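Peer 1: Sharing a structure below in structure tokens format, with a few things to ask.
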Amino acid sequence: MKLHVVSLLRIGLILLAGSTLGSAQDLKARWVAIDPKAEPGTPIRMEVVKSSRESTTVRIATAGFWLTTESYDGRTFSKIIFPEPELSGLGFPQKEGERGWYDFPAETQHPPLPPASYRNGLTIATPKPLFPEKAVGRKFSSVEEMERFGVDPAGARPGIPALRGFLAVSKANGRGDLSASTIERTVSDLKLEAPLLPAGYEGSDQAKPDDTTTQPDERNIGYTPPQLVDDVFYRSFKGEYRGTEETLTDISGSGAFSATEFRLPLVEVLDPLALRVIATAVLEIKHLKGTEDFDCPLSWDNWIFKLPFINGEAIREALTAKGLRIEASRSAHYLIVTPREYRD
């Protein structure tokens, strides 16, 4: 499998929620409507329709996306930019002033928390593999050769934007207790004039030290990964390529909580110039051993720094069922010691 390699400055390929069309190139983007009644830029909607101890069900609707072109490895590729997503449904206020799942109980008289960070708790991102430092500067003539040096071929293939968010899950859940299944979905197929942009690669930290650095070898921190294109894939692929990410990650800690990240691919590559976009979908995510592990009241610090969980309503129901309260005042003071250059 032949690959082209050109060492250029790294370009941003991760599409995060809140992406704007501010650059001169972005001004050339055109809106591709999936819902013909929706205004250009209409957010992707995720509605939580069920939230319980054992499962979370969400309904997703995509109104459309922006389509533009970008140069990579000296060629022209199509680039998709989805509008930022929004959360609604169970646990999220329907009217101004209503409390959400993330607020303190009303009897604490703690004012409602700003809802934006919770409604906007979703992102859209195209993952980029880390390019191993040992492979920097090498030329690759095949995917097999890339793999021998630890280079993930996914970075040289189309980048798949995925809708991402966090679900609260108990640490008691094992792999067999976590699953995600599509109950129903509709799709929209389209032809591209240029193939979808490769995912690309991440290098190490590109930041340079300040002028006080005295060691010459410290002035060239990090490395820039090359741009790779899997020519065989882009020339002859037929199928349904959704990237290589798992839908649910392993459970990890987040303060007093534990969580799994949910990832839904929004597009599928059918062949180099054919794309399938998710228009609507209903998904059920199971976490059969529950959403949390609390057996005592939650402190202010534990509650205020929680993630913007999709299934926060289930957390509140679990705490209510256990009779556990959420403290609404700080219970500690902090002394933070830091070097002078970090104080700002």
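The values are calculated or read from the model by the stated rules, or taken from the named source; none is laboratory data. Computed from a predicted model, the values in this text were never measured in an experiment. Note: ideal-geometry Cβ built from the backbone for every residue, glycine included; neighbour counts use all protein chains shown. When the accessible area is computed, the model is the full protein with side chains, heavy atoms only, and any ligands, DNA or RNA have been set aside. Shrake-Rupley method; radii C 1.70, N 1.55, O 1.52, S 1.80 Å.
Peer 1: Show that you can apply the helix-only estimate: for the chain, add -39,500 (n - 2.57) for every DSSP H stretch of four or more residues, divide by all residues, and state [θ] at 222 nm to the nearest 500.
Peer 2: -2000 deg cm²/dmol
Peer 1: Give me the percent of accessible area attributable to carbon and sulfur for the chain, probe 1.4 angstrom.
Peer 2: That fraction is 51 percent.
Peer 1: Whole-Hz Karplus ³J(HN,Hα) for the range 48-58, in order, using 6.51 cos²θ - 1.76 cosθ + 1.60 and θ = phi - 60°, x for Gly and Pro?
Peer 2: With coefficients 6.51, -1.76 and 1.60, one gets 7, 9, 8, 8, 9, 4, 9, 7, 9, 10, 10 Hz.
Peer 1: Another question, then. Mind ordering 152-159, 239-246 by average Cβ neighbours within 10 Å, highest first?
Peer 2: Ranking, from highest mean packing down: 152-159, 239-246.
Peer 1: Moving to a separate point now. If you average the C-alpha positions of the range 292-344 and of the range 120-143 separately, how far apart do those two centres end up, in angstrom?
Peer 2: 35
Peer 1: Based on the alpha-carbon gyration tensor of the range 52-95 and its eigenvalue square roots a ≥ b ≥ c, which shape applies: rounded if a/c is under 1.5, prolate if not and a/b is larger than b/c, or oblate?
Peer 2: prolate
Peer 1: Whole number in Å², please: accessible area per residue of the chain, 1.4 Å probe, ligands, DNA and RNA not counted.
Peer 2: 52
Peer 1: So how much accessible area does Ile183 have, in Å² to the nearest 10, using a 1.4 Å probe?
Peer 2: Probe radius 1.4 Å; accessible area of Ile183 about 100 Å².
Peer 1: Of the listed peptides 333-344, 318-329, what is their order by residue-averaged count of other C-beta atoms within 10 Å, with the highest listed first? Display every interim value, and only then the final one.
Peer 2: Details: 333-344: 5.8, 318-329: 13.9.
My ranking of the peptides, most packed first, is 318-329, 333-344.
Peer 1: Students often check this: by mean Cβ neighbours within 10 Å, which of 89-97, 258-266, 113-121 ranks highest, and how do the rest follow?
Peer 2: Going from most to least packed, we get 258-266, 113-121, 89-97.
Peer 1: Please report the net charge: other residues with Cβ closer than 11 Å to the Cβ of Phe294, K and R +1, D and E -1.
Peer 2: -1
Peer 1: Given R₀ = 30 Å, what would the calculated FRET efficiency be for His333 paired with Lys95, taking r from the Cβ atoms and rounding to 0.05?
Peer 2: Taking R0 as 30 Å, the efficiency between His333 and Lys95 is 0.25.
Peer 1: Which entries of Lys50/Lys286; Lys191/Lys238; Lys171/Lys289; Lys37/Lys95; Lys171/Lys306 show an alpha-carbon separation above 19 angstrom in the structure shown?
Peer 2: Correct reply: Lys37/Lys95.
Peer 1: What angle do you read, to the nearest 10 degrees and between 0 and 90, between the alpha-carbon axis of helix 312-322 and the longest principal axis of the chain?
Peer 2: Roughly 30 degrees between the two axes.
Peer 1: Assign unit charges at the C-beta atoms only (+1 for Lys and Arg, -1 for Asp and Glu), then state the dipole size of the range 290-344 relative to its Cα centre in Debye, rounded to the nearest 20.
Peer 2: For this selection, approximately 200 debye.
Peer 1: In a Gaussian network model over the chain where Cα atoms closer than 10 Å are linked, find which of Arg330, Arg30, Arg59 has the largest mean-square fluctuation.
Peer 2: Fluctuation is largest for Arg330.
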